[in-house]
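Student: First the structure, which I've put down as structure tokens, then a few questions once you've had a look.
Derivation of every value follows stated rules applied to the coordinates shown; laboratory data play no part. Here the structure is a predicted model, which means the values were calculated and not measured.
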Amino acid sequence: MEFAEKLKNIRISKGWSQEELAEKSGISRRTIQNYESGNMLPKKRSSYTVLADTFGIDENVLLDPNIDFVLRANEQYGDNAMRQAMDLVADVRALWAGGEMEEEDMDEIMRSLQEAYLEAKQKAFGRKSK
């Protein structure tokens with residue numbers, strides 16, 4: 001399940017409106033709307049912590065296994081790279097929609113693609129990865 005779905009499902013299970021979640025978390029209603037629509041992911045890991053604390057759940061419930069890659073792309077190369085990283089993850093997931101491959105093999109391919117993406121960005125930007 002994607003972050004947007006998780007966030008919305010947890011909010012609804014609490015019986016909260018987007019406005020109530022915004023008030024309790026200190027995150028704007030507009031940002032909550034963007035998160036739930038899938039138009040935007042938090043740009044900092046601390047946002048996941050704030051949401052998890054607000055819900056009273058473990059942060060890992062909200063985290064996607066690929067979020068570190070997306071956040072790293074954003075941190076090192078900016079918003080455009082973050083969108084590209086999100087698109088890469090979504091496109092690769094779409095390729096596996098049929099479920100023909102073992103989970104561990106899919107994870108290894110995803111990690112390899114993420115490393116290749118960051119290496120290409122590093123070369124393009126002339127920077128070393130963190």
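Student: Mind listing the phi-derived Karplus ³J(HN,Hα) values for the range 92-98, rounded to whole Hz, using 6.51, -1.76 and 1.60 with θ = phi - 60°, and x for any glycine or proline?
Tutor: Rounded to whole hertz, the list is 5, 4, 5, 4, 9, 4, x.
Student: Apply the Karplus curve 6.51 cos²θ - 1.76 cosθ + 1.60, θ = phi - 60°, to the phi angles in the range 22-38 and return the couplings in whole Hz, x for Gly and Pro.
Tutor: Those phi angles translate into 4, 5, 6, 8, x, 9, 4, 4, 4, 5, 4, 4, 5, 4, 5, 7, x Hz.
Student: Ok, one more. Between Glu19, Glu102, Glu75, where does the largest GNM mean-square fluctuation fall for the chain, given springs only between Cα atoms within less than 10 Å?
Tutor: Top of the fluctuation ranking is Glu102.
Student: Further, regarding this structure: Helix 3-14 versus the longest principal axis of the chain: what is the Cα-based angle in degrees, 0 to 90, to the nearest 10?
Tutor: The answer is roughly 20 degrees.
Student: Defining a contact as two alpha carbons under 8 Å apart and six or more residues distant in sequence, what relative contact order in percent does the range 3-61 show? Intermediate results must be reported in sequence, preceding the final value.
Tutor: Numbers: 45 pairs, mean separation 19.3, N = 59.
It rounds to 33 percent for the range 3-61.
Student: Straight-line reach from Lys6: which aspartates and glutamates have a Cα under 15 Å away, not including same-chain ones fewer than 8 places off?
Tutor: Straight-distance partners of Lys6: Glu36, Asp53, Asp58, Glu59, Asp64.
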